[in-house]
Amino acid sequence: MSPLKPKFITFDCYGTLINFEMAPVARQVYADRLSGAAMDDFCAYFSAYRLDGVLGPWRPYLDVVVEALQRACRRSGITYREGDGEAHYAAIPTWQPHPDVVAPLKRVAQEIPLVILSNSEVALIPHSVDKLEAPFHTVCTADQAQAYKPRMQAFEYMFDTLGCGPADVLHCSSSFRYDLMTAYDLGIRHKAFVNRGHEPLNSYYEVHEIPDLGGLPGLVGL
């Protein structure tokens, strides 16, 4: 395979670069109300309702989290308590990069500008970007785009910010539903699926599969 030569490498942040620990937080917060299979089901509901909650008009991410928890609680037959959502939201700045992330980012950043497109907020994302240790050319967030991924508006905001188009980027994500399906529909030819194990590979979307970020330098010939 010939090395890819994008003008920019664009990344999903949480899940792909930063270890997304919303389910572990939920297991702590709801440990006095759920256990076993019921807890597993709750975490699956919480994940599904978060995705459903970002498909409409933009609103603060805390609102998305609170609503998703309320819906998961209702489905699980337990009580949502005031402050449950805030506990999850407050944990986000403490999450760390996956162990395979920092070194490849630093290596690739020497040759190709790096960009983040995240369902985060301007006030929240710096806590995570600082932990990645690599220089980022641009960081685009949902509140700036006034849309969350997987909506196309989020990607279009990134293209407008960078002054480029779908042919100019290699987009990297561990999620088809939030990123790679939309990237395919928008005509982003170069896509890397970082297989973190939380979604299965779907070859229909024409991705380059890598097991972790250590595979990224090889995709771009570094």
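The values are calculated or read from the model by the stated rules, or taken from the named source; none is laboratory data. Nothing here was measured: the structure is a model prediction, and the numbers come from that model. A quick note on method: Cβ atoms are made from the backbone with ideal geometry, for glycine too, and the neighbour counts reach across all protein chains shown.
Going through (1) part of a loop (DSSP other than H, G, I, E, B); (2) among the aliphatic types (A, V, I, L, M); (3) surrounded by 14 or more Cβ atoms within 10 Å (Cβ to Cβ) one by one, Leu216 falls short only on (1). If His198 passes every condition in (1) surrounded by fewer than 15 Cβ atoms within 10 Å (Cβ to Cβ); (2) of a type outside the set (Asp, Glu); (3) not in a loop (DSSP other than H, G, I, E, B) but one, which one does it miss? All conditions are met except number (3). Hey, could you check the stretch 33-70 for residues that are acidic (Asp, Glu) and more than 17 Å from the chain's Cα centre (by Cα) and say which is surrounded by the most Cβ atoms within 10 Å (Cβ to Cβ)? Taking the candidates together, the pick is Glu67. The set of residues from the stretch 145-156 being free of Cβ contacts under 8 Å to residues at least 60 places away in the same chain and surrounded by fewer than 19 Cβ atoms within 10 Å (Cβ to Cβ) comprises Met152, Gln153, Glu156.
Within the stretch 1-31, being of a type outside the set (D, E, K, R) and either more than 25 Å from Leu62 (Cα to Cα) or touching an Asp or Glu at 6+ places or on another chain (Cβ under 7 Å) (or both) holds for Met1, Ser2, Pro3, Leu4, Pro6, Phe8, Ile9, Val29.
Scanning the stretch 101-115 for residues that are buried (at least 21 other Cβ atoms within 10 Å of the Cβ) and either out of contact with any strand residue (DSSP E or B) (no Cβ under 9 Å at 6 or more places or on another chain) or within 15 Å of Phe20 (Cα to Cα) (or both) yields one hit, Val101. Taken together, Ser128, Ser173 contain a single residue that is touching a Ser or Thr at 6+ places or on another chain (Cβ under 7 Å), among the small types (Gly, Ala, Ser) and either over 22 Å from Leu4 (Cβ atoms) or buried (at least 21 other Cβ atoms within 10 Å of the Cβ) (or both), which is Ser173. Do we find that Leu34 is in contact (Cβ under 8 Å) with a residue 40 or more places away in the chain, outside the structural domain of Arg177 (by TED's automatic domain parsing), within 22 Å of Gln144 (Cβ to Cβ) and not in a helix (DSSP H, G or I) in this structure? Here the answer is no, as Leu34 does not meet what is asked. Among the numbered conditions (1) among the charged types (D, E, K, R); (2) surrounded by 14 or more Cβ atoms within 10 Å (Cβ to Cβ); (3) not assigned by TED's automatic domain parsing to the domain that holds Gly165, the only one that Asp12 does not meet is (3). Can you pull out the residues in the stretch 1-31 that are among the hydroxyl-bearing types (Ser, Thr, Tyr) and either assigned to a loop (DSSP other than H, G, I, E, B) or more than 22 Å from Ala142 (Cα to Cα) (or both)? Selection gives Ser2, Thr16, Tyr30. Among the numbered conditions (1) touching a residue at least 60 places away in the same chain (Cβ under 8 Å); (2) closer than 24 Å to Gly53 by Cα, the only one that His190 does not meet is (2).
In the stretch 8-65, which residues are of a type in the set (Lys, Arg) and in contact with a strand residue (DSSP E or B) (Cβ under 7 Å, 6 or more places away or on another chain)? Passing the criteria: none in range.
Only one of the listed residues (Asp100, Asp84) is in contact (Cβ under 8 Å) with a residue 60 or more places away in the chain and in contact with a Leu (Cβ under 6 Å, 6 or more places away or on another chain). That residue is Asp100.
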